[in-house]
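Here's the structure, in structure tokens; my notes come after.
The values are calculated or read from the model by the stated rules, or taken from the named source; none is laboratory data. This is a predicted model, so every value here is computed, not measured. Cβ coordinates were reconstructed from backbone atoms using ideal geometry, including for glycine residues, and neighbour counts include every protein chain displayed. The area values use the complete protein model at the heavy-atom level, side chains included, leaving out ligands, DNA and RNA. Shrake-Rupley method; radii C 1.70, N 1.55, O 1.52, S 1.80 Å.
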Amino acid sequence: MSEQGADAAGMELYKGFKFFLKTIAIFGGLALLFWQKPDFFEALAEFILALKQ
């Protein structure tokens, strides 16, 4: 494999790994938020439904 091809392949792996880590962080944070604060989201849903009426 040429040096440029190896550099490009390494960059693609890096981008994919970085995307994977960001996705894990976002969904992990959302999971913690929903786990810790279920009553907040229930109140928010009720508030939104009250605004619609």
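Summary of values
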| quantity | calculated |
| --- | --- |
| Rounded to whole Hz, the Karplus (6.51, -1.76, 1.60) HN-Hα couplings of the stretch 47-53, x for glycine and proline | 5, 5, 5, 5, 5, 5, 7 |
| Residue (of A6, L51, A31) at the positive-pole extreme of the chain, dipole from beta-carbon charges | L51 |
| Contour excess over end-to-end distance, with Cα ends at L51 and F17 and 0.36 nm allotted per residue | 8.0 nm |
| Within the accessible area of the chain (1.4 Å probe), percent carbon and sulfur | 71 |
| Rounded to 10°, Cα long-axis angle of helix 3-36 versus longest principal axis of the chain | 20 |
| Rg to Rh, two decimals, where the chain supplies the alpha carbon set and Rh follows Kirkwood | 1.44 |
| Net lengthening on full extension, F41/I24 (0.36 nm per residue, minus Cα-Cα) | 4.0 nm |
| Probe 1.4 Å, protein heavy atoms only - accessible area per residue of the chain in square angstrom | 95 |
